[in-house]
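To start, the structure itself, in C-alpha cells.
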C-alpha cells in the first residue's frame, strides 16, 4: 500500500480533512458541554430589526406597469424608424413608402387594441 | 493553581494556564458590540470607536448591524417607551453570551427626562445590565472604562460551578419578556426577574 504512487496523496487528503473538521468538532463539543442552547420564539424570529414582521412575503404585484412599458416600447421603436423615414421621404420609392406605412399601421393597430382593452386606464 | 507559583513559573519562562482562563481571554478580547445608537450618547460611542480614542485597542472595533452577530449591547441614550420593546427584542435576539452596557444617565434612570411621560426610567427594568456609566453624556474615556470593567467581569467568570454565569446554566432563563404598549404605560412595567422592586405610583412618576 505504501508503495502506491497515490499513498502520499491519500495521507495529505486525510490531514487536510482533519485540519478542517477538527476545529468544527471541537467547537461542537465545546458548545455541547458549556453552551446550552436557549431558543425561543423571539430569538428565532426571522426579521432582526427589533420590529415584528407583519403579513406574508408572498404578495402579488400588479402587472399594470408592465403593460405601460410594452406600449411605451411601441412608440419608442416607431420613433426610431419615423425619423429616417421623414428625412429620406422625398427620395423614397412607392414600394418603400408603402412598406413603411404598413409598419406604422401595424403599430397603430397594436395601440388601438390596447386602448380597446382598457390598458391605458390606470386603476 | 496557586497564583504565586504561577508568577514564579512565569519568571522562569514557563507559562501555565487553564482552559477557563484561555476561554475568558478569548471572549473578552473579541467582544463584538451591536451597531445601534439611541440618542446623543451614541455620538460619544462613535467617537470612542474612531482613531482618537480607538476602541480597537481592546478588541471591540467590529460593530455588527445584526443582533445575531453581536454579543455586547451598548444602550447609548434615552430609551423612550416607544423604543423599549424594540431594544428588549433585539437583546433577546443576540447570541449568548451577551452583555449590556447602560451608557449615560438616560439609559440608567431616564436622566433629565425622568419626569417625562414617554421615557423609560432605566433599561435595567427589562434586561440585565452588566455595567452602568453615569454622565450626560459620558466621555469616550468613560465608555472605555466601562468596557475595561466589562472585560474584568468576563475574566472573572467561571465555566462550571454554582456561580457560573446565566448563559452557561441550562436551567436559567434565556427569554426576557418583550413589553407591549398599554393604555398608559408599558405592560408589564418591569421584568420582575431582573428588576425585583415593585413599580407603583402615578403614571408620570414611575
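Some points to look at:
- Residue B:63 more than 14 Å from chain A (Cβ to nearest Cβ), touching a residue at least 24 places away in the same chain (Cβ under 8 Å) and in contact with a strand residue (DSSP E or B) (Cβ under 6 Å, 6 or more places away or on another chain): yes
- Matching residues in the range B:73-86 - criterion: being assigned to a strand (DSSP E or B) and either over 17 Å from residue B:191 (Cα atoms) or touching a helix residue (DSSP H, G or I) at 6+ places or on another chain (Cβ under 6 Å) (or both): B:73, B:74, B:75, B:76
- Within the range B:15-35, the residues that satisfy the criterion of being modelled with pLDDT of 90 or more and assigned to a loop (DSSP other than H, G, I, E, B) are B:29, B:30, B:31, B:32, B:35.
- Annotation note: of A:26, A:17, the sole residue that is modelled with pLDDT of 90 or more, under 38 Å from the mean Cα position of the chain (by Cα), more than 30 Å from residue B:86 (Cβ to Cβ) and surrounded by 10 or more Cβ atoms within 10 Å (Cβ to Cβ) is A:17.
- Flag if residue A:67 is within 14 Å of another protein chain (Cβ to nearest Cβ) and either under 30 Å from residue B:66 (Cα atoms) or touching a residue at least 12 places away in the same chain (Cβ under 8 Å) (or both): no
- Residue list for the range B:121-141, restricted to those being more than 14 Å from every other protein chain (Cβ to nearest Cβ), in a helix (DSSP H, G or I) and surrounded by 14 or more Cβ atoms within 10 Å (Cβ to Cβ): B:124, B:125, B:140
- Answer residue from the range B:82-104, given it is within 14 Å of chain A (Cβ to nearest Cβ) and in contact with a strand residue (DSSP E or B) (Cβ under 9 Å, 6 or more places away or on another chain) and is surrounded by the fewest Cβ atoms within 10 Å (Cβ to Cβ) among those: B:82
- Among residues of the range B:148-174, those that are more than 14 Å from chain A (Cβ to nearest Cβ) and outside any helix (DSSP H, G or I), counted: 3
- For the range B:56-72, the criterion of being in a strand (DSSP E or B) and either surrounded by fewer than 21 Cβ atoms within 10 Å (Cβ to Cβ) or in contact with a helix residue (DSSP H, G or I) (Cβ under 8 Å, 6 or more places away or on another chain) (or both) is satisfied by at least one residue.
- You will find that of B:144, B:186, the residue that is surrounded by 12 or more Cβ atoms within 10 Å (Cβ to Cβ), over 17 Å from residue B:114 (Cα atoms) and modelled with pLDDT of 85 or more is B:144 and no other.
- Scanning the range A:34-64 for residues that are within 28 Å of the chain's Cα centre (by Cα), within 14 Å of another protein chain (Cβ to nearest Cβ) and surrounded by 10 or more Cβ atoms within 10 Å (Cβ to Cβ) gives A:45, A:47, A:48, A:49, A:51, A:52, A:53.
- Among the residues of this structure, residue A:2 does not count as one that is closer than 29 Å to residue B:178 by Cα and either at pLDDT 85 or above or surrounded by fewer than 12 Cβ atoms within 10 Å (Cβ to Cβ) (or both).
- Residue under evaluation residue B:145, criteria (1) touching a strand residue (DSSP E or B) at 6+ places or on another chain (Cβ under 9 Å); (2) within 14 Å of chain A (Cβ to nearest Cβ); (3) under 17 Å from residue B:31 (Cα atoms), criterion not met: (2)
- Condition met for residue A:17 (free of Cβ contacts under 8 Å to residues at least 40 places away in the same chain, away from chain B (no Cβ under 14 Å) and assigned to a helix (DSSP H, G or I)): yes
The values are calculated or read from the model by the stated rules, or taken from the named source; none is laboratory data. Everything quoted here is computed from the prediction, not taken from an experiment. Don't worry about glycine lacking a Cβ; one is built from the backbone with ideal geometry, like all the others, and counts go over all protein chains shown.
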